[in-house]
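Structure first, then comments.
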Amino acid sequence: MKKQIQSVRGMHDCLPHELIIWNYVETILKEILTSYCYLEIRLPLLEKTSIFKRAIGDVTDVIEKEMYSFDDRNGNSLTLRPEGTVSCVRSIIQNNLLQKKNNRFWYIGPMFRYERPQKGRYRQFHQLGAEVFGIDTADIDLEIIMLISRIWKRIGINSYMKLEINYIGSKTERFEYKKKLVIFLKKYEHLLDEDCKRRLYTNPLRILDSKNENIQKILADAPLLSEYININSKKYFNNLCKMISFYNIQYEYNSNLIRGLDYYNSTVFEWKSDALGSQNTICAGGRYDSLVEEMGGIQTPAIGFAIGIERLVLLMKLKNIFSETLEEINIYIIFIENHNKNLAVQLSEEIRNLYPTLKVFINFFQQNIKKKIKHAINSLAKMIIFIKDEEIKKNCFIVKDLEKNIEHCILKQDLMIKIQNIFR
Ligand code: ATP
Ligand code: MG
């Protein structure tokens, strides 16, 4: 038997019925980002492998095992972007965008990670990302949190979302803390799972993030990163938390929240939803104040976040936030006799000329009329126009108003007014 043709594992088609919800979400995201004066930026899907390696960190999951890298015909190593921040930083340095007054950017598109596919985790997935450059005060941390909170409210999922926030300090502070954490964890090395044992020597801070309950029990007595953070940073963070509360945004301080990418510092946050099981983080972000300089730009503070669109859509479906019963068709044209097909095409073009936003459908199939009418109703069309010899002779169309369930014979010259009345 012939093997059925299939997409690459973990990479999915986004089919038309899914796209109704995707487009709805994207419209809201774009509207809100624009209302905060973010500018859209479009970045290539491929970048030089070296820029990710340096920025994300050699011993992170993404670099160690998740990148899709390959050599091009010239032997240059390229990588399908696993995330957007690094490309965005590369772009703003390359295009000298840092001098501008407003350095708020957003992008949306596919990202690629070689992970074990499961619900909410794919090898090609989509992120809405946003990055802001040049502001070193907590004002921007707050603005970003308010912006994201507005997104959840607008979509109607605010009550299912939980904000966790932490302050991970500077590289030097984390370095000092790391030493103490390793000394502590070594006492329990025999109790650590394989992943944590490995991380003890590669990336010990990620152990704090472990989902293993036994590890979390051990960590209950571990030294705290907050004890290694200087007093000014503590003030910064306390002030941010106060402001978040002032704007009535619920949050939880999670001292074990460590982001998986090395470039983060200071404020980090994640928005999670219990409804999603183990792939529960929908949005994640934080400050990355050294990355621009590390990548060759002038020293520029920065902060960003990314929303996983697949997980967001999953949550909306679970909570029935969006019914997929959006009308596929507005006006349904049925020609009864085959020789009236051209009239149907002409009429549909005239309607589109006058009302460019209406969805006009001609059924070209050889089906009986009952089936066509059923299709019109299921597509949530509001009207059917029948083109039939008998009426054409009288210069008329039969128009069925599917909302009121009534049929009229309408003069050709009155049809456009009728359409306007139904769809205004
Ligand atoms: P996780 O811990 O779930 O692997 P992460 O820390 O690797 O997430 P980030 O790099 O912070 O994720 O990406 C931001 C968001 O992008 C995540 O919160 C999630 O919503 C989404 N995301 C990340 N990886 C995937 C994936 N493989 N499939 C679907 N969505 C993803
Ligand atoms: Mg990951």
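Results, tabulated for the structure shown:
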| quantity | calculated |
| --- | --- |
| Those residues of region 371-388 which are among the β-branched types (Val, Ile, Thr) and within 21 Å of Asn338 (Cβ to Cβ), in sequence order | Ile373, Ile384, Ile385, Ile387 |
| Single condition Pro356 does not satisfy, out of (1) open to solvent by 20 Å² or more (accessible area, probe 1.4 Å); (2) touching a Lys or Arg at 6+ places or on another chain (Cβ under 7 Å) | (2) |
| Failed item, numbered, when Lys211 is tested on (1) buried (at least 17 other Cβ atoms within 10 Å of the Cβ); (2) within 16 Å of ligand 2 (Cβ to nearest atom) | (1) |
| Residue match in region 159-172 (condition: open to solvent by 70 Å² or more (accessible area, probe 1.4 Å), of a type in the set (S, T, N, Q) and either closer than 28 Å to Asp136 by Cβ or touching a Gly at 6+ places or on another chain (Cβ under 7 Å) (or both)) | yes |
| Cross-chain or 6+ apart pairs with Cβ under 8 Å, region 79-93 first and open to solvent by less than 10 Å² (accessible area, probe 1.4 Å), then of a type in the set (Lys, Arg) | Thr79/Lys48; Pro82/Arg113; Ser87/Arg81 |
| In region 56-70, residue nearest to ligand 1 (Cβ to nearest atom) [restricted to those that are open to solvent by 30 Å² or more (accessible area, probe 1.4 Å) and within 13 Å of Glu83 (Cα to Cα)] | Asp61 |
| Counted residues, region 378-424 - those being among the basic types (Lys, Arg) and either surrounded by 12 or more Cβ atoms within 10 Å (Cβ to Cβ) or in contact (Cβ under 8 Å) with a residue 40 or more places away in the chain (or both) | 5 |
| Selected residue (only one of Thr27, Thr34 is open to solvent by less than 80 Å² (accessible area, probe 1.4 Å) and assigned to a helix (DSSP H, G or I)) | Thr27 |
| Residue in region 394-411 that is assigned to a loop (DSSP other than H, G, I, E, B), touching a strand residue (DSSP E or B) at 6+ places or on another chain (Cβ under 8 Å) and closer than 15 Å to Phe335 by Cβ present | no |
| Condition broken by Leu142, with the remaining ones in (1) more than 26 Å from Glu64 (Cβ to Cβ); (2) within 16 Å of ligand 2 (Cβ to nearest atom) satisfied | (2) |
| Answer from Ser233, Ser245 - the residue that is in the same structural domain as Ile63 (by TED's automatic domain parsing), assigned to a helix (DSSP H, G or I) and free of Cβ contacts under 8 Å to residues at least 60 places away in the same chain | Ser245 |
| Hits in region 97-146 - residues which are touching a Pro at 6+ places or on another chain (Cβ under 8 Å) and at positive phi | Gly134 |
| Evaluation of Glu47 against (1) assigned to a strand (DSSP E or B); (2) at pLDDT below 95 (one fails), failing number | (2) |
| Sole exception among (1) within 16 Å of ligand 2 (Cβ to nearest atom); (2) open to solvent by less than 80 Å² (accessible area, probe 1.4 Å) for Pro44, by number | (1) |
| The lone exception for Phe175 - which of (1) open to solvent by 80 Å² or more (accessible area, probe 1.4 Å); (2) assigned to a helix (DSSP H, G or I); (3) under 20 Å from Leu261 (Cα atoms); (4) touching a residue at least 40 places away in the same chain (Cβ under 8 Å) it fails | (4) |
| Considering residues of region 280-317 that are of a type in the set (Lys, Arg) and crowded, with 20+ Cβ neighbours inside 10 Å only, the residue nearest to ligand 2 (Cβ to nearest atom) | Arg311 |
| Residue selected from region 118-141 under the condition open to solvent by 10 Å² or more (accessible area, probe 1.4 Å) and part of a helix (DSSP H, G or I), by the criterion nearest to ligand 1 (Cβ to nearest atom) | Ala138 |
| Residues of region 261-279 satisfying the condition of being surrounded by 18 or more Cβ atoms within 10 Å (Cβ to Cβ) and within 19 Å of Ile309 (Cα to Cα) | Phe269, Glu270, Trp271, Lys272, Ser273, Leu276 |
| Number of positions in region 248-300 that are among the hydrophobic types (A, V, I, L, M, F, W, C), more than 9 Å from ligand 1 (Cβ to nearest atom) and part of a strand (DSSP E or B) | 2 |
| Members of region 71-117 that are within 16 Å of ligand 1 (Cβ to nearest atom) and either part of a loop (DSSP other than H, G, I, E, B) or modelled with pLDDT under 95 (or both) | Arg81, Pro82, Glu83, Gly84, Arg113, Tyr114, Glu115, Arg116, Pro117 |
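The values are calculated or read from the model by the stated rules, or taken from the named source; none is laboratory data. Please read these numbers as outputs of a predicted model, since none were measured by experiment. Counting neighbours? That spans all protein chains shown, and the Cβs are built from the backbone with ideal geometry, glycine included. Remember, those area values only see protein heavy atoms, side chains included, never the ligands or the DNA or RNA. Shrake-Rupley method; radii C 1.70, N 1.55, O 1.52, S 1.80 Å.
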